[in-house]
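The values are calculated or read from the model by the stated rules, or taken from the named source; none is laboratory data. In this text the structure is predicted, and so the values were computed from the model without any measurement. Here the Cβ positions follow ideal geometry from the backbone for every residue, glycine too, while neighbour counts run over all protein chains shown. Each accessible area value is taken on the protein alone, full model and side chains, heavy atoms only, with ligands, DNA and RNA left out. Shrake-Rupley method; radii C 1.70, N 1.55, O 1.52, S 1.80 Å.
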Amino acid sequence: MCGIFGIFNYKDATNIAYLGLHALQHRGQESAGIASTDGDSVMRFHRQMGLVSDIFNEEVLKHLKGNSAIGHVRYSTAGSSNINNAQPLVVEYSKGHIAVAHNGNLTNAKIIKDELEKYGSIFQSSTDTEVIIHLVALSHENSTLDRLISALRRVEGSYSLLVLTDRELIAMRDPYGFRPLVLGMLKDSYVVSSETCAFDLIEAEYLREVEPGEIIHITQDGIKSYAPFKKVNRKHCIFEYIYFARPDSFMFGETVYTVRKALGRQLAQDTFVEADMVIPIPDSGISAAIGYSQEANIPFELGLIRNHYVGRTFIEPKESIRHFGVKLKLNAVHDVVKGKRIVVIDDSIVRATTGRKIIKMLRQYGAKEVHFRVSSPPTQYPCFYGIDTPSRGELIASSHTSEEINQYMGSDTLQYLSIEGMKKAVKNGDYTYCDACFTGAYPSKFPWNMQLEQMELFVKR
Ligand code: AMP
(Lines give C-alpha, C1' and ligand atoms only; values in the text may rest on other atoms or scores of the structure.)
Protein backbone atom coordinates (compact mmCIF):
# COMPACT_ATOMS: atom_id res chain seq x y z
CA MET A 1 0.00 0.00 0.00
CA CYS A 2 1.11 3.48 -0.70
CA GLY A 3 -0.14 7.01 -1.10
CA ILE A 4 0.59 9.24 -4.07
CA PHE A 5 0.16 12.95 -4.66
CA GLY A 6 0.92 15.24 -7.59
CA ILE A 7 0.60 18.90 -8.50
CA PHE A 8 1.30 20.65 -11.79
CA ASN A 9 2.29 24.26 -12.36
CA TYR A 10 1.79 25.84 -8.95
CA LYS A 11 4.23 28.23 -7.35
CA ASP A 12 4.53 26.36 -4.04
CA ALA A 13 4.34 22.91 -5.58
CA THR A 14 6.76 21.19 -3.23
CA ASN A 15 5.22 22.59 -0.08
CA ILE A 16 1.80 21.55 -1.27
CA ALA A 17 3.09 18.06 -2.09
CA TYR A 18 4.54 17.88 1.40
CA LEU A 19 1.14 18.72 2.90
CA GLY A 20 -0.54 16.24 0.58
CA LEU A 21 1.77 13.45 1.72
CA HIS A 22 1.13 14.41 5.31
CA ALA A 23 -2.59 13.79 4.78
CA LEU A 24 -1.79 10.45 3.12
CA GLN A 25 0.60 9.27 5.83
CA HIS A 26 -1.80 6.51 6.93
CA ARG A 27 -1.22 4.82 3.55
CA GLY A 28 2.45 4.17 4.25
CA GLN A 29 4.91 4.91 6.97
CA GLU A 30 8.12 3.23 5.90
CA SER A 31 9.46 5.85 3.55
CA ALA A 32 8.45 8.98 1.72
CA GLY A 33 9.74 11.08 -1.14
CA ILE A 34 9.09 14.05 -3.40
CA ALA A 35 10.39 14.75 -6.91
CA SER A 36 10.05 18.24 -8.35
CA THR A 37 10.85 20.21 -11.46
CA ASP A 38 10.34 23.70 -12.78
CA GLY A 39 10.58 22.54 -16.34
CA ASP A 40 14.22 23.55 -16.63
CA SER A 41 15.53 20.03 -17.31
CA VAL A 42 16.52 19.59 -13.70
CA MET A 43 14.62 17.05 -11.64
CA ARG A 44 15.24 17.36 -7.93
CA PHE A 45 14.21 14.69 -5.49
CA HIS A 46 14.50 13.63 -1.89
CA ARG A 47 13.60 10.20 -0.51
CA GLN A 48 14.15 8.85 2.94
CA MET A 49 13.00 6.14 5.31
CA GLY A 50 10.59 7.39 7.97
CA LEU A 51 7.59 9.65 8.40
CA VAL A 52 6.83 12.67 6.22
CA SER A 53 7.20 15.13 9.10
CA ASP A 54 10.62 13.69 10.02
CA ILE A 55 11.95 13.60 6.47
CA PHE A 56 11.04 17.02 5.13
CA ASN A 57 12.26 20.12 6.88
CA GLU A 58 12.58 23.66 5.59
CA GLU A 59 16.03 23.07 4.16
CA VAL A 60 15.04 19.95 2.23
CA LEU A 61 11.91 21.62 0.88
CA LYS A 62 13.90 24.67 -0.19
CA HIS A 63 16.24 22.45 -2.17
CA LEU A 64 13.24 20.84 -3.89
CA LYS A 65 12.39 23.94 -5.91
CA GLY A 66 9.91 23.57 -8.69
CA ASN A 67 6.43 24.36 -9.86
CA SER A 68 5.44 20.75 -10.37
CA ALA A 69 5.94 17.86 -8.01
CA ILE A 70 4.92 14.32 -7.22
CA GLY A 71 5.22 12.58 -3.87
CA HIS A 72 4.88 9.13 -2.41
CA VAL A 73 4.47 7.47 0.96
CA ARG A 74 5.30 3.81 1.03
CA TYR A 75 4.72 0.66 2.90
CA SER A 76 6.09 -2.30 1.09
CA THR A 77 3.90 -4.91 -0.51
CA ALA A 78 6.44 -5.76 -3.21
CA GLY A 79 10.15 -5.41 -2.66
CA SER A 80 11.91 -4.95 0.61
CA SER A 81 11.74 -2.09 3.03
CA ASN A 82 14.85 -0.09 2.16
CA ILE A 83 15.82 3.24 0.72
CA ASN A 84 16.47 1.88 -2.81
CA ASN A 85 12.81 1.03 -2.99
CA ALA A 86 11.58 4.39 -1.74
CA GLN A 87 9.70 6.41 -4.33
CA PRO A 88 9.30 8.45 -6.48
CA LEU A 89 11.76 6.50 -8.61
CA VAL A 90 13.66 9.06 -10.68
CA VAL A 91 15.76 8.37 -13.78
CA GLU A 92 17.27 10.28 -16.64
CA TYR A 93 17.17 8.54 -20.01
CA SER A 94 17.47 9.51 -23.66
CA LYS A 95 14.19 11.48 -23.56
CA GLY A 96 14.87 13.39 -20.35
CA HIS A 97 13.85 12.92 -16.75
CA ILE A 98 11.06 10.77 -15.53
CA ALA A 99 9.82 10.37 -11.97
CA VAL A 100 7.31 7.69 -11.05
CA ALA A 101 5.10 7.23 -7.99
CA HIS A 102 3.05 4.03 -7.85
CA ASN A 103 0.33 2.66 -5.60
CA GLY A 104 -0.54 -0.95 -6.38
CA ASN A 105 1.11 -4.20 -7.35
CA LEU A 106 1.99 -5.47 -10.79
CA THR A 107 1.17 -9.17 -10.77
CA ASN A 108 3.43 -10.05 -13.71
CA ALA A 109 6.38 -7.87 -12.64
CA LYS A 110 8.63 -10.82 -11.89
CA ILE A 111 8.10 -12.35 -15.31
CA ILE A 112 8.82 -9.06 -17.11
CA LYS A 113 11.80 -8.36 -14.89
CA ASP A 114 13.37 -11.78 -15.64
CA GLU A 115 12.84 -11.21 -19.34
CA LEU A 116 14.35 -7.71 -19.29
CA GLU A 117 17.34 -8.87 -17.27
CA LYS A 118 18.00 -11.58 -19.84
CA TYR A 119 18.45 -8.80 -22.39
CA GLY A 120 20.75 -6.81 -20.18
CA SER A 121 18.54 -4.48 -18.15
CA ILE A 122 20.04 -3.62 -14.79
CA PHE A 123 17.52 -3.03 -12.01
CA GLN A 124 18.35 -0.60 -9.22
CA SER A 125 15.56 -1.61 -6.86
CA SER A 126 13.48 -4.65 -6.07
CA THR A 127 10.16 -2.90 -6.64
CA ASP A 128 7.67 -3.90 -9.29
CA THR A 129 7.38 -0.20 -10.21
CA GLU A 130 10.84 -0.14 -11.77
CA VAL A 131 9.59 -2.52 -14.45
CA ILE A 132 7.43 0.32 -15.80
CA ILE A 133 10.43 2.62 -16.10
CA HIS A 134 12.41 0.01 -18.04
CA LEU A 135 9.50 -0.61 -20.38
CA VAL A 136 9.10 3.14 -20.97
CA ALA A 137 12.80 3.51 -21.74
CA LEU A 138 12.72 0.56 -24.14
CA SER A 139 9.61 1.69 -26.00
CA HIS A 140 9.99 2.86 -29.60
CA GLU A 141 7.20 5.40 -29.30
CA ASN A 142 8.02 9.10 -29.37
CA SER A 143 6.15 10.83 -26.61
CA THR A 144 6.29 9.91 -22.93
CA LEU A 145 2.55 9.40 -23.07
CA ASP A 146 2.75 6.83 -25.88
CA ARG A 147 5.72 5.15 -24.25
CA LEU A 148 3.74 4.82 -21.05
CA ILE A 149 0.74 3.41 -22.85
CA SER A 150 2.90 0.79 -24.53
CA ALA A 151 4.54 -0.05 -21.18
CA LEU A 152 1.21 -0.36 -19.42
CA ARG A 153 -0.12 -2.68 -22.09
CA ARG A 154 2.47 -5.19 -20.88
CA VAL A 155 1.74 -5.03 -17.17
CA GLU A 156 -1.04 -6.69 -15.21
CA GLY A 157 -2.35 -6.06 -11.74
CA SER A 158 -3.05 -2.83 -9.98
CA TYR A 159 -1.66 0.62 -10.48
CA SER A 160 -2.60 4.13 -9.64
CA LEU A 161 0.35 5.92 -11.09
CA LEU A 162 1.83 9.40 -11.34
CA VAL A 163 4.56 10.24 -13.82
CA LEU A 164 6.34 13.58 -13.82
CA THR A 165 8.65 14.72 -16.60
CA ASP A 166 10.22 18.09 -17.27
CA ARG A 167 7.09 19.16 -19.10
CA GLU A 168 4.10 17.14 -17.97
CA LEU A 169 2.29 15.31 -15.21
CA ILE A 170 0.55 12.10 -16.20
CA ALA A 171 -1.94 10.35 -13.90
CA MET A 172 -3.37 6.94 -14.62
CA ARG A 173 -5.33 4.13 -13.11
CA ASP A 174 -5.47 0.47 -14.11
CA PRO A 175 -8.56 -0.72 -16.02
CA TYR A 176 -10.11 -2.35 -12.93
CA GLY A 177 -9.54 0.75 -10.80
CA PHE A 178 -8.35 -1.34 -7.86
CA ARG A 179 -6.66 1.49 -6.02
CA PRO A 180 -8.15 4.97 -5.65
CA LEU A 181 -6.98 8.11 -7.47
CA VAL A 182 -8.74 11.48 -7.55
CA LEU A 183 -8.36 14.70 -9.50
CA GLY A 184 -8.75 18.17 -8.02
CA MET A 185 -8.04 21.79 -8.64
CA LEU A 186 -6.06 24.21 -6.53
CA LYS A 187 -6.64 27.73 -7.86
CA ASP A 188 -5.70 27.22 -11.55
CA SER A 189 -3.55 24.13 -11.02
CA TYR A 190 -4.43 20.48 -11.21
CA VAL A 191 -3.75 18.20 -8.26
CA VAL A 192 -3.98 14.42 -8.10
CA SER A 193 -4.13 12.33 -4.96
CA SER A 194 -4.82 8.85 -3.65
CA GLU A 195 -7.50 10.27 -1.39
CA THR A 196 -9.62 13.40 -1.09
CA CYS A 197 -8.50 14.01 2.51
CA ALA A 198 -5.34 15.55 0.99
CA PHE A 199 -7.50 17.99 -1.02
CA ASP A 200 -9.32 19.05 2.14
CA LEU A 201 -6.03 19.90 3.80
CA ILE A 202 -4.69 22.01 0.95
CA GLU A 203 -8.15 23.47 0.25
CA ALA A 204 -8.29 22.13 -3.28
CA GLU A 205 -11.58 21.49 -5.00
CA TYR A 206 -12.43 17.84 -5.67
CA LEU A 207 -13.29 17.41 -9.34
CA ARG A 208 -13.69 13.68 -9.90
CA GLU A 209 -12.02 10.27 -9.80
CA VAL A 210 -9.44 9.40 -12.38
CA GLU A 211 -11.56 6.73 -14.09
CA PRO A 212 -10.45 3.10 -14.22
CA GLY A 213 -8.30 2.68 -17.34
CA GLU A 214 -8.04 6.44 -17.82
CA ILE A 215 -4.86 8.37 -18.49
CA ILE A 216 -4.92 12.06 -17.67
CA HIS A 217 -2.25 14.13 -19.36
CA ILE A 218 -1.60 17.50 -17.74
CA THR A 219 0.57 20.08 -19.52
CA GLN A 220 0.82 23.88 -19.80
CA ASP A 221 -1.95 23.60 -22.41
CA GLY A 222 -4.37 22.04 -19.93
CA ILE A 223 -5.69 18.56 -19.43
CA LYS A 224 -6.44 15.72 -21.84
CA SER A 225 -8.01 12.38 -21.08
CA TYR A 226 -7.32 9.08 -22.84
CA ALA A 227 -8.79 5.60 -22.48
CA PRO A 228 -6.44 3.37 -24.44
CA PHE A 229 -7.14 0.05 -22.73
CA LYS A 230 -9.86 -2.54 -23.18
CA LYS A 231 -12.76 -1.75 -20.87
CA VAL A 232 -13.42 -4.22 -18.06
CA ASN A 233 -15.86 -4.16 -15.14
CA ARG A 234 -14.54 -1.98 -12.38
CA LYS A 235 -13.17 -3.75 -9.30
CA HIS A 236 -12.42 -1.25 -6.58
CA CYS A 237 -10.68 -2.66 -3.53
CA ILE A 238 -13.35 -3.14 -0.88
CA PHE A 239 -10.65 -3.32 1.78
CA GLU A 240 -10.00 0.40 1.24
CA TYR A 241 -13.47 0.92 2.68
CA ILE A 242 -13.07 -1.64 5.44
CA TYR A 243 -9.68 -0.65 6.73
CA PHE A 244 -7.22 1.24 4.66
CA ALA A 245 -8.55 4.63 3.58
CA ARG A 246 -9.07 7.56 5.90
CA PRO A 247 -12.71 7.83 7.07
CA ASP A 248 -12.97 11.45 5.93
CA SER A 249 -12.11 10.59 2.33
CA PHE A 250 -14.72 10.40 -0.40
CA MET A 251 -13.89 7.29 -2.38
CA PHE A 252 -15.55 5.22 -5.12
CA GLY A 253 -18.67 7.38 -4.76
CA GLU A 254 -19.17 7.31 -0.99
CA THR A 255 -17.57 8.72 2.12
CA VAL A 256 -15.48 6.04 3.80
CA TYR A 257 -16.88 6.85 7.25
CA THR A 258 -20.43 6.40 6.02
CA VAL A 259 -19.60 3.03 4.51
CA ARG A 260 -17.85 1.86 7.68
CA LYS A 261 -20.86 2.84 9.76
CA ALA A 262 -23.14 0.98 7.36
CA LEU A 263 -20.92 -2.11 7.72
CA GLY A 264 -21.29 -1.81 11.50
CA ARG A 265 -25.08 -1.41 11.25
CA GLN A 266 -25.33 -4.46 9.05
CA LEU A 267 -23.14 -6.38 11.47
CA ALA A 268 -25.49 -5.46 14.33
CA GLN A 269 -28.50 -6.63 12.33
CA ASP A 270 -26.86 -9.95 11.52
CA THR A 271 -24.99 -10.74 14.75
CA PHE A 272 -26.84 -8.96 17.59
CA VAL A 273 -25.95 -9.97 21.14
CA GLU A 274 -27.26 -8.60 24.48
CA ALA A 275 -24.53 -6.45 26.06
CA ASP A 276 -23.86 -3.38 28.22
CA MET A 277 -21.63 -1.57 25.77
CA VAL A 278 -20.01 -1.56 22.37
CA ILE A 279 -16.32 -0.70 22.26
CA PRO A 280 -14.14 -0.30 19.19
CA ILE A 281 -10.57 -1.35 18.73
CA PRO A 282 -9.23 2.10 17.90
CA ASP A 283 -8.78 3.60 15.42
CA SER A 284 -9.79 1.15 12.73
CA GLY A 285 -12.89 -0.20 14.49
CA ILE A 286 -14.39 3.14 15.56
CA SER A 287 -16.72 3.98 12.66
CA ALA A 288 -18.14 0.44 12.47
CA ALA A 289 -18.61 0.36 16.25
CA ILE A 290 -20.66 3.58 16.11
CA GLY A 291 -22.85 1.97 13.44
CA TYR A 292 -23.21 -1.21 15.50
CA SER A 293 -24.03 0.72 18.67
CA GLN A 294 -26.69 2.86 16.95
CA GLU A 295 -28.32 -0.09 15.25
CA ALA A 296 -28.24 -2.38 18.29
CA ASN A 297 -29.17 0.42 20.67
CA ILE A 298 -26.30 -0.47 22.98
CA PRO A 299 -24.18 2.41 24.37
CA PHE A 300 -20.88 3.17 22.67
CA GLU A 301 -17.89 3.55 24.99
CA LEU A 302 -14.21 4.13 24.51
CA GLY A 303 -13.08 1.12 26.54
CA LEU A 304 -9.71 0.98 24.82
CA ILE A 305 -7.34 3.90 24.53
CA ARG A 306 -4.75 4.13 21.88
CA ASN A 307 -1.30 5.56 22.27
CA HIS A 308 -0.98 7.65 19.13
CA TYR A 309 2.77 7.81 19.18
CA VAL A 310 3.24 4.26 17.91
CA GLY A 311 2.70 3.38 14.26
CA ARG A 312 0.11 0.94 13.00
CA THR A 313 1.22 -2.41 14.43
CA PHE A 314 0.70 -4.47 11.33
CA ILE A 315 2.58 -2.07 9.19
CA GLU A 316 5.93 -2.79 10.83
CA PRO A 317 7.47 -5.40 8.57
CA LYS A 318 9.11 -7.50 11.27
CA GLU A 319 7.21 -10.20 13.14
CA SER A 320 8.89 -9.42 16.46
CA ILE A 321 7.85 -5.76 16.31
CA ARG A 322 4.33 -6.64 15.27
CA HIS A 323 3.77 -8.76 18.38
CA PHE A 324 5.16 -6.17 20.67
CA GLY A 325 3.21 -3.42 18.98
CA VAL A 326 -0.22 -4.46 20.21
CA LYS A 327 0.77 -3.94 23.84
CA LEU A 328 2.53 -0.70 23.07
CA LYS A 329 -0.50 0.65 21.33
CA LEU A 330 -3.64 -0.10 23.32
CA ASN A 331 -4.76 -0.13 26.93
CA ALA A 332 -8.20 -0.78 28.41
CA VAL A 333 -9.94 1.66 30.79
CA HIS A 334 -10.44 -0.29 34.06
CA ASP A 335 -13.55 1.56 35.24
CA VAL A 336 -15.33 1.31 31.92
CA VAL A 337 -14.93 -2.43 31.35
CA LYS A 338 -15.12 -3.84 34.88
CA GLY A 339 -18.08 -6.16 35.39
CA LYS A 340 -19.51 -5.40 31.93
CA ARG A 341 -20.79 -7.45 29.02
CA ILE A 342 -18.86 -6.04 26.09
CA VAL A 343 -19.15 -6.18 22.32
CA VAL A 344 -15.70 -5.49 20.86
CA ILE A 345 -15.67 -4.32 17.24
CA ASP A 346 -12.74 -4.51 14.87
CA ASP A 347 -12.68 -4.05 11.13
CA SER A 348 -10.81 -7.27 10.32
CA ILE A 349 -8.83 -10.16 11.72
CA VAL A 350 -5.52 -11.02 10.09
CA ARG A 351 -3.46 -13.15 12.46
CA ALA A 352 -5.79 -12.62 15.47
CA THR A 353 -2.92 -11.41 17.64
CA THR A 354 -4.57 -8.04 18.34
CA GLY A 355 -7.91 -9.54 19.31
CA ARG A 356 -6.35 -12.21 21.48
CA LYS A 357 -4.30 -9.73 23.50
CA ILE A 358 -7.17 -7.32 23.88
CA ILE A 359 -9.57 -9.98 25.07
CA LYS A 360 -7.02 -11.19 27.62
CA MET A 361 -6.57 -7.62 28.83
CA LEU A 362 -10.31 -6.98 29.09
CA ARG A 363 -10.76 -10.13 31.17
CA GLN A 364 -7.82 -9.18 33.39
CA TYR A 365 -9.51 -5.83 33.98
CA GLY A 366 -12.74 -7.56 35.04
CA ALA A 367 -14.97 -7.71 31.91
CA LYS A 368 -17.82 -10.18 32.46
CA GLU A 369 -18.41 -11.19 28.83
CA VAL A 370 -16.50 -10.35 25.67
CA HIS A 371 -18.23 -10.78 22.31
CA PHE A 372 -16.00 -10.10 19.33
CA ARG A 373 -17.61 -8.78 16.14
CA VAL A 374 -15.77 -8.12 12.90
CA SER A 375 -17.10 -5.65 10.31
CA SER A 376 -15.79 -7.70 7.38
CA PRO A 377 -15.89 -11.39 6.38
CA PRO A 378 -13.03 -13.75 7.30
CA THR A 379 -9.86 -12.66 5.44
CA GLN A 380 -8.85 -15.91 3.79
CA TYR A 381 -6.89 -15.10 0.66
CA PRO A 382 -3.78 -13.05 -0.01
CA CYS A 383 -4.10 -9.78 -1.87
CA PHE A 384 -2.05 -9.47 -5.05
CA TYR A 385 -3.25 -5.97 -5.74
CA GLY A 386 -1.50 -3.94 -3.11
CA ILE A 387 -2.69 -4.81 0.40
CA ASP A 388 -0.05 -6.31 2.64
CA THR A 389 -1.51 -9.74 3.31
CA PRO A 390 0.85 -11.77 1.19
CA SER A 391 0.67 -15.38 2.30
CA ARG A 392 -2.30 -17.60 3.07
CA GLY A 393 -0.41 -19.22 5.92
CA GLU A 394 -0.40 -15.96 7.84
CA LEU A 395 -4.15 -15.47 7.57
CA ILE A 396 -5.71 -17.34 10.47
CA ALA A 397 -9.11 -17.60 8.75
CA SER A 398 -7.60 -19.46 5.80
CA SER A 399 -6.97 -22.53 7.96
CA HIS A 400 -9.27 -22.12 10.97
CA THR A 401 -13.03 -21.97 11.46
CA SER A 402 -14.63 -19.07 13.28
CA GLU A 403 -15.19 -21.31 16.29
CA GLU A 404 -11.48 -22.23 16.36
CA ILE A 405 -10.51 -18.56 16.11
CA ASN A 406 -12.98 -17.77 18.89
CA GLN A 407 -11.27 -20.33 21.10
CA TYR A 408 -7.82 -19.07 20.18
CA MET A 409 -8.75 -15.48 20.97
CA GLY A 410 -10.61 -16.38 24.17
CA SER A 411 -13.82 -14.49 23.36
CA ASP A 412 -17.24 -15.71 24.53
CA THR A 413 -18.52 -15.48 20.97
CA LEU A 414 -16.99 -14.40 17.67
CA GLN A 415 -18.96 -13.42 14.59
CA TYR A 416 -17.95 -11.90 11.29
CA LEU A 417 -19.98 -9.91 8.82
CA SER A 418 -21.05 -12.25 6.01
CA ILE A 419 -20.08 -11.64 2.38
CA GLU A 420 -23.75 -10.94 1.59
CA GLY A 421 -23.94 -8.53 4.54
CA MET A 422 -20.85 -6.70 3.32
CA LYS A 423 -22.26 -6.39 -0.20
CA LYS A 424 -25.53 -5.03 1.18
CA ALA A 425 -23.72 -2.33 3.16
CA VAL A 426 -21.92 -0.78 0.17
CA LYS A 427 -23.43 0.81 -2.94
CA ASN A 428 -23.54 -1.57 -5.93
CA GLY A 429 -21.94 -4.20 -3.71
CA ASP A 430 -22.66 -7.04 -6.08
CA TYR A 431 -20.46 -6.02 -8.94
CA THR A 432 -18.28 -2.99 -8.28
CA TYR A 433 -15.68 -4.35 -5.89
CA CYS A 434 -12.73 -6.65 -5.69
CA ASP A 435 -13.38 -8.84 -2.65
CA ALA A 436 -10.77 -11.48 -3.49
CA CYS A 437 -9.32 -11.36 0.05
CA PHE A 438 -12.64 -12.76 1.29
CA THR A 439 -13.82 -14.85 -1.66
CA GLY A 440 -10.67 -15.86 -3.56
CA ALA A 441 -12.32 -14.50 -6.73
CA TYR A 442 -9.35 -12.64 -8.22
CA PRO A 443 -10.60 -10.38 -11.03
CA SER A 444 -7.55 -10.90 -13.22
CA LYS A 445 -6.70 -14.52 -13.78
CA PHE A 446 -3.18 -15.72 -13.26
CA PRO A 447 -2.01 -19.30 -12.78
CA TRP A 448 -1.02 -20.37 -9.30
CA ASN A 449 2.64 -20.92 -10.22
CA MET A 450 2.73 -17.31 -11.35
CA GLN A 451 1.40 -16.28 -7.97
CA LEU A 452 4.23 -18.21 -6.37
CA GLU A 453 6.80 -16.56 -8.58
CA GLN A 454 5.30 -13.22 -7.80
CA MET A 455 5.57 -14.04 -4.11
CA GLU A 456 9.34 -13.83 -4.44
CA LEU A 457 8.87 -10.13 -4.93
CA PHE A 458 6.83 -9.96 -1.77
CA VAL A 459 9.46 -11.60 0.40
CA LYS A 460 10.84 -8.96 2.71
CA ARG A 461 14.60 -9.00 2.53
P1 AMP B 1 -4.26 -9.17 13.66
O2 AMP B 1 -3.91 -8.85 15.04
O3 AMP B 1 -3.11 -9.77 12.92
O4 AMP B 1 -5.51 -10.01 13.53
O5 AMP B 1 -4.54 -7.80 12.91
C6 AMP B 1 -5.78 -7.22 12.99
C7 AMP B 1 -5.64 -5.73 12.96
O8 AMP B 1 -4.82 -5.32 11.86
C9 AMP B 1 -6.99 -5.08 12.79
O10 AMP B 1 -7.15 -4.17 13.85
C11 AMP B 1 -6.93 -4.38 11.46
O12 AMP B 1 -7.43 -3.07 11.58
C13 AMP B 1 -5.47 -4.33 11.10
N14 AMP B 1 -5.21 -4.67 9.69
C15 AMP B 1 -5.92 -5.45 8.87
N16 AMP B 1 -5.35 -5.53 7.66
C17 AMP B 1 -4.26 -4.76 7.71
C18 AMP B 1 -3.26 -4.40 6.75
N19 AMP B 1 -3.25 -4.89 5.52
N20 AMP B 1 -2.28 -3.57 7.16
C21 AMP B 1 -2.25 -3.10 8.39
N22 AMP B 1 -3.17 -3.40 9.33
C23 AMP B 1 -4.17 -4.22 9.02
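Would you tally the residues in segment 58-103 being open to solvent by less than 10 Å² (accessible area, probe 1.4 Å), at pLDDT 90 or above, touching a Gly at 6+ places or on another chain (Cβ under 9 Å) and in a loop (DSSP other than H, G, I, E, B)? Matching residues across segment 58-103 total 3.
Only one entry in Asp174, Asp146, Asp128, Asp166 is free of Cβ contacts under 8 Å to residues at least 12 places away in the same chain and in the same structural domain as Gln87 (by TED's automatic domain parsing), namely Asp146. Residues in segment 1-15 that are crowded, with 24+ Cβ neighbours inside 10 Å and assigned to a helix (DSSP H, G or I): Ala13, Thr14. For segment 382-405, filtered to residues that are within 26 Å of Tyr75 (Cα to Cα) and open to solvent by 60 Å² or more (accessible area, probe 1.4 Å), the residue that is modelled with the lowest pLDDT is Arg392. Taking the conditions (1) open to solvent by less than 10 Å² (accessible area, probe 1.4 Å); (2) within 12 Å of the ligand (Cβ to nearest atom) in turn, Tyr408 satisfies each one other than (1). Going residue by residue through segment 328-345, is there one that turns out to be within 22 Å of Leu267 (Cα to Cα), assigned to a loop (DSSP other than H, G, I, E, B), away from the ligand (no atom under 12 Å from the Cβ) and open to solvent by less than 30 Å² (accessible area, probe 1.4 Å)? No, because not a single residue in segment 328-345 is within 22 Å of Leu267 (Cα to Cα), assigned to a loop (DSSP other than H, G, I, E, B), away from the ligand (no atom under 12 Å from the Cβ) and open to solvent by less than 30 Å² (accessible area, probe 1.4 Å).
Across segment 158-177, the number of residues qualifying as in contact with a Pro (Cβ under 8 Å, 6 or more places away or on another chain) and either at pLDDT below 95 or outside any strand (DSSP E or B) (or both) comes to 4. When you scan segment 352-367, do you find a residue that is free of Cβ contacts under 8 Å to residues at least 60 places away in the same chain, within 16 Å of the ligand (Cβ to nearest atom), buried (at least 19 other Cβ atoms within 10 Å of the Cβ) and assigned to a loop (DSSP other than H, G, I, E, B), even just one? Yes.
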